[in-house]
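One structure below.
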Amino acid sequence: MSTIAHSHDPSNGHGSHAHDPAHGHDSHGHHHKETFITKYIFSQDHKMIAKQYLLSGMLMALIAAGLSLLFRLQLGWPDRTFPWLESIIGEWGKGGRLDPNFYLALVTLHGTLMVFFVLTAGLSGTFSNLLIPYQVGARDMASPFINMLSYWLFFLSSVIMLASLFVESGPASAGWTIYPPLSALPQAVPGSGLGMTLWLISMVLFIASALMGALNYITTILNMRTPGMKMTRMPLTIWSFFCTAILGVLSFPVLLSAAVLLVFDRSFGTSFYLSEIYIAGEALTRTGGSPILFQHLFWFLGHPEVYIVLMPALGLTSEIIATNARKPIFGYRAMVGSLLGISFLSFIVWGHHMFITGMNPFLGNVFMILTLVIAVPSAVKVFNYLATLWRGNIRFTPAMMFAIGVVSLFISGGLTGIYLGNAALDINLHDTYFVVAHFHIVMGSASMFGMLAGVYHWYPKMYGRMMDEKLGYLHFWLTFASVYLVFFPMHFMGLDGVPRRYYQFTGFEFMSEWMDMNRFISVSAIMATAAQLIFFYNFFRSIRHGKVAPQNPWNANTLEWTTPVERLHGNWPGEIPHVHRWPYDYSRPGAPQDFILQTVPDEELPLAARGRPTNEALSGAAVTERVNTPSAQPVASSSVFIARLLHLIGLRRA
């Protein structure tokens, strides 16, 4: 096990490294000899662990997509038989027809895999591990061993969750929210038996993994920043990972407690969630519990979970947009403030998932107001993304396309959240396809686009190769079109009252009117899945045959692009570089290039480029005084535009 020691110098106001030998590395970056096992399997190197999370997340995403195609076939063509189904899923597809019990199990497992195993572990696990040590200037995580242990607990959790697919009674089938009584009574439905038990065991391990990872991320960010890396010089990616880790530490234990109480109800005769339940006409003896208690506990995690999934994607988007617009991120401090505001508010809005549980109308109004308030910091992020893009020298790389896609999905999905945040409207829309459309766009698709943007952007740092751009563009346009074709029509189905999770709609006249739309959605879903095969081909082919990447292919400013292309344990061969500026110094007038690395002190710049404001929002007046170079013009134009806009709406004095 490698030992990486660090010291903290309180006089600097931030973490700092001890001299380089204390990190277990000499000036040439030598390290003890690694075997195949210690390098690729039980690795303690944050870069390899990031790859392990990424590959595991990609596998889980592929499985989840396959499950969704199975139930989309049922919804699109409910009266047709598919003889090949029986050869794939056995008795659950007997006669070429999907079993109704297995249909709900597919919906349950699809949601669980996507929310927790792909968008939580796959996204945060990959990019927190890859970028935190790189971008704060650390040799590795605070505890490489705990980092390794975190991944393998996640891997074990994944194996157990997938193993439930092969249980005779079927996997868990209470929905991904596992509401009791279906989840609390083993005899309720076939998926309430062993499959549900495996689901709970898997989630306990997953939560342990998530907590280990989150504590490691927080410790690394607070204590192991290189000299000069003040909190206000951290990239927005690090801020997003930091806030996400805090959310995880505070909210995942609540889900753990909910799961433990559920195990008690299932196995030990308690009644935390059970009361006055009848099964086949027979009343259960257990009384006094409430399934609403479970909903409170679940959604206390469930709503922060939305931002645990979304904030890393927004952080990656911030970095990619600023880099490829060749402009400083607009409103850095406002972006940090919005992340902190979203993190705080996400803990006090869980009740908007429960408007129909009979809660006190006054309490419902409180949750409704707080839900609408959380739109404010979200709108700040959107406004700043658009302001950064405005009149920028934009490079439309595949990563930039997916980052802009995140902004598009965040806007369109966020707007529908205003409807669902209103108690009077939510009562009518609850449990309809409107809800499915909303969270698949704003949480699922936006976060997945952020993850894909991150893969395209940091692939050179992970594998030392470049992905094929043409395949990247094809992947983006097919995916972007497919996502909207799949989920946008669902809003109208929900407005018409079509409920989610129904096995088929042919028995209801008003629902059968949407059969053609269901077929259209299913075809679009097949197209979306096919588009991901392009990404998989591009990803794995480029590992061996992609163009060799230069050290800094995007001309970016952050510290990871100062490390060698080849994998090096400890990241930097000599001393860790010191930081002298914020990470978004793009297109500075007078500078020899349109980017300035964080490691470059002012003394090394031409006189005309020194002493400019960095992490403050640029005012129109200040920018117009700058040298009128082509690289400065987009910055000046956008800042003058914003200044005039604020003046027009009365938020800025003339």
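The values are calculated or read from the model by the stated rules, or taken from the named source; none is laboratory data. Because the structure is a prediction, the values reported are computed rather than measured. In this analysis, Cβ positions are derived from the backbone assuming ideal geometry, glycine residues included, and neighbour counts consider all displayed protein chains. Note: accessible area is taken over every heavy atom of the protein model, side chains too, but ligands, DNA and RNA are not part of it. Shrake-Rupley method; radii C 1.70, N 1.55, O 1.52, S 1.80 Å.
Students sometimes get this wrong: rank Ile277, Ile418, Ile521 by accessible area, probe 1.4 Å, all chains present, largest first.
Solvent-accessible surface, decreasing: Ile418, Ile277, Ile521.
Between the stretch 491-508 and the stretch 28-85, what is the separation of their alpha carbon centroids in Å?
32 Å
What accessible area per residue comes out for the chain, rounded to a whole number of Å², with a 1.4 Å probe?
In whole numbers, the chain has 39 Å² accessible per residue.
Taking the Cα centre of the stretch 164-300 as the origin, how large is its charge dipole in debye, to the nearest 20, when only Lys and Arg (+1) and Asp and Glu (-1) carry charge on their Cβ atoms?
740 debye
So, with +1 on the Cβ of K and R and -1 on the Cβ of D and E, and no other charges, what is the size of the charge dipole of the chain about its Cα centre, to the nearest 20 debye?
Approximately 1400 debye in magnitude.
Could you give the length gained on full extension between Phe36 and Thr506, defined as 0.36 nm per residue of separation minus the Cα-Cα distance, in nm?
Answer, rounded to one decimal: 163.6 nm.
If Leu474, Leu301, Leu597 are ordered by their accessible area, calculated over protein heavy atoms with a 1.4 Å probe, which sequence runs from highest to lowest?
If we order Leu474, Leu301, Leu597 from most to least accessible, we get Leu474, Leu597, Leu301.
Tabulate in residue order the Karplus-calculated ³J(HN,Hα) for the stretch 458-465, using 6.51 cos²θ - 1.76 cosθ + 1.60 with θ = phi - 60°, rounded to whole Hz; enter x for Gly and Pro.
In residue order, the calculated couplings are 9, 4, x, 6, 7, 10, x, 10 Hz.
Using θ = phi - 60° and the Karplus curve 6.51 cos²θ - 1.76 cosθ + 1.60, what whole-Hz ³J(HN,Hα) does each residue of the stretch 557-571 get, with Gly and Pro shown as x?
9, 6, 5, 4, 7, 9, 8, x, 5, 6, 5, 9, 5, x, 6
The stretch 520-566 to the stretch 290-357: how many Å between their Cα centroids?
26 Å
To the nearest 10 square angstrom, how much accessible area does Asp431 have with a 1.4 angstrom probe?
70 Å²
Top to bottom by accessible area (1.4 Å), largest first, where do Tyr586, Tyr419 land?
Correct descending sequence by accessible area is Tyr419, Tyr586.
Where does helix 46-76 land angle-wise versus the long Cα axis of the chain, in degrees 0 to 90, nearest 10?
With rounding to tens, the tilt is 40 degrees.
Between the alpha-carbon centers of the stretch 391-437 and the stretch 244-274, tell me the distance in whole angstrom.
Distance between centres, Cα-based: 30 Å.
Enumerate the amide H contacts of Thr432 below 5 Å, restricted to partners 5 or more residues apart or on another chain; note that Pro and chain-start residues carry no placed amide H.
Those lying under 5 Å, H to H, from Thr432 are Arg500.
Roll a 1.4 angstrom probe over the protein heavy atoms and tell me the percent of accessible area of the chain that is carbon or sulfur.
Looking at the chain in its full context, I get 66 percent from C and S.
If ligands, DNA and RNA are left out, what is the accessible area of Trp477 with a 1.4 Å probe, given in Å² to the nearest 10?
140 Å²
Check each of the trypsin sites (Lys or Arg not before Pro) in the stretch 333-407 and keep only those in coil by DSSP with at most 13 other C-beta atoms within 10 angstrom; list them in order.
Those satisfying the criteria are Arg395.
Kindly identify the chain as rounded, prolate or oblate by the Cα gyration tensor criterion: order the square roots of the eigenvalues as a ≥ b ≥ c, call it rounded if a/c is under 1.5, otherwise compare a/b with b/c, prolate if a/b is larger, else oblate.
prolate
Over the heavy atoms of Leu236, what accessible area does a 1.4 Å probe trace out, to the nearest 10 Å²?
Accessible surface of Leu236 is approximately 0 Å².
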